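Below is one structure; the comments refer to it alone.
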Amino acid sequence: MNIHVVALFKFNENYLMEAVELFQTLVRETRKEEGCLQYDLIEDKDNKGTFFMVELWESEEHLNRHNGQDHLLDFRRNVSKMLESSTMVHKGFKTL
């Protein structure tokens, strides 16, 4: 069963350029992963520094593998100092 993920990031405005560079690497490498059906970065049009990662994975097993990938672990480590608040992650299965 496919699993959907939406992650919300709020960055300090001083780090936006650096954050986008880190996202570029993360998105490029994640899209190569087995089971990744969608991995898109969306910038909130009304809130500067707010981004949404919209993900669709073939299965929860694929998502779990993704969570241990070096490129994701590197991203998490590098962005931690740039975030204005904790990242919010929502996971779920399509109901309709």
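No lab work stands behind these numbers, since they all come straight from the coordinates. Note that the coordinates shown come from a computational prediction; the quantities given were computed from them, not determined experimentally. No Cβ is skipped: glycine too gets one built from the backbone with ideal geometry, and neighbour counts run over all protein chains shown.
Exactly one residue out of E21, E29, E61 is part of a helix (DSSP H, G or I), surrounded by fewer than 16 Cβ atoms within 10 Å (Cβ to Cβ) and touching a residue at least 24 places away in the same chain (Cβ under 8 Å), and it is E61.
Of the residues contained in region 65-85, none is found to be in contact with an Asp or Glu (Cβ under 8 Å, 6 or more places away or on another chain) and of a type in the set (G, A, S).
For region 1-17, the set of residues classified as assigned to a helix (DSSP H, G or I) and either touching a His at 6+ places or on another chain (Cβ under 7 Å) or surrounded by fewer than 15 Cβ atoms within 10 Å (Cβ to Cβ) (or both) consists of E13, N14, M17, listed by residue number. In region 39-52, the residue that is farthest from H66 (Cα to Cα) out of those that are surrounded by 13 or more Cβ atoms within 10 Å (Cβ to Cβ) and within 11 Å of the chain's Cα centre (by Cα) is F51. Note on region 77-96: residues that are surrounded by 13 or more Cβ atoms within 10 Å (Cβ to Cβ) and part of a helix (DSSP H, G or I) amount to 2.
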